[in-house]
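Scroll down for the structure; my scribbles are underneath it.
The values are calculated or read from the model by the stated rules, or taken from the named source; none is laboratory data. What you see is a predicted model, and the numbers here were worked out from it, not measured in a lab. We place every Cβ from the backbone using ideal geometry, glycine too, and count neighbours over all the protein chains shown.
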Amino acid sequence: MRLAEPVHALYARRLRRGLAGARLPSHVGIVMDGNRRWARERGLADTRLGHRYGAERVQEMLDWCEELGIGHVTVFVCSAENLQRRGPAEVEFLMRVIEEVLASALPGARPRWRMHLAGDPDTLPASTARALKAAVEDTRECATGAHLTLAVGYGGRQELVDAVRDLLYELEGTGRPVRELADGLVAEDIARHLYTAGQPDPDLVIRTSGEQRLSNFLLWQTAYAELYFCEAYWPAFRKVDFLRAVRAFAARSRRYGG
């Protein structure tokens, strides 16, 4: 065992004790960035392997959330732009990882997290869409009260377009004038048509790899979220990094105005 490992374990326990009685987030969003850069720096010949290591890291992160009683987690797995701009071979590899790790291995035989999907399944390969929908269905009866949302092929702007479109379809048959409908429109009307309808908004969003932007992630839902940026690439994200993020959240005085 390397010397750093027991040191990190001791530090993690110290951080965990320091959170006793602190105000913790109930919903954490994760932008798990830096998979390919991590693989490149590790000297892996195939940088796509970073996606698999990153997907496998999700289970550890969920274990850390369980320890703290965090019951809602949303993970930004890949964006709609990723599907359009990455090469076909990389997209195919990523979809296979999603199917094998996140949609199959992660729920397990006795799921502890009820899974949800954010994004349009119609933009995904048929096998990936089937695997994700099966994971959602297979975990529907999960009674732990913990919810995991996988944002796959997701785009925040497109989510808003889809939500407004669904709202317009809903209102189409009312026969009310457009001006009357517009005057009566409130934020809740749009919110109930989002991919994440019925779930609380994230309190804390963590992005790895040192990038400091949301990249079209939950644009509506993160309006008042606390943001935390970490230098570690996602596959190298450790428990101490997670606990530091939660500690930073607990230390902030949240302001919901300007």
Item to complete: Within segment 141-162, work out how many residues are under 20 Å from His193 (Cα atoms), out of contact with any Lys or Arg (no Cβ under 6 Å at 6 or more places or on another chain) and either at pLDDT below 95 or not β-branched (Val, Ile, Thr) (or both).
Response: 12
Worksheet item: Which helices (runs of 4 or more DSSP H) does segment 153-257 wholly contain that include 1 or more residues that are in contact (Cβ under 8 Å) with a residue 60 or more places away in the chain, more than 18 Å from Cys65 (Cα to Cα) and among the charged types (D, E, K, R)?
Response: 156-172
Worksheet item: How about segment 117-152: which of its residues are within 17 Å of Ser79 (Cβ to Cβ) and part of a strand (DSSP E or B)?
Response: Leu117, Ala118, Thr149, Leu150, Ala151, Val152
Discussion item. Taking the criterion of being crowded, with 17+ Cβ neighbours inside 10 Å, over 13 Å from the mean Cα position of the chain (by Cα) and touching a residue at least 12 places away in the same chain (Cβ under 8 Å), would at least one residue in segment 84-92 satisfy it?
Written reply: no
Worksheet item: Looking at Arg207, Arg247, which is the one that is crowded, with 16+ Cβ neighbours inside 10 Å and in contact with a Lys or Arg (Cβ under 8 Å, 6 or more places away or on another chain)?
Response: Arg207
Item to complete: Output the residue which, of all residues in segment 45-82 that are outside any strand (DSSP E or B) and of a type in the set (S, T, N, Q), is surrounded by the most Cβ atoms within 10 Å (Cβ to Cβ).
Response: Asn82
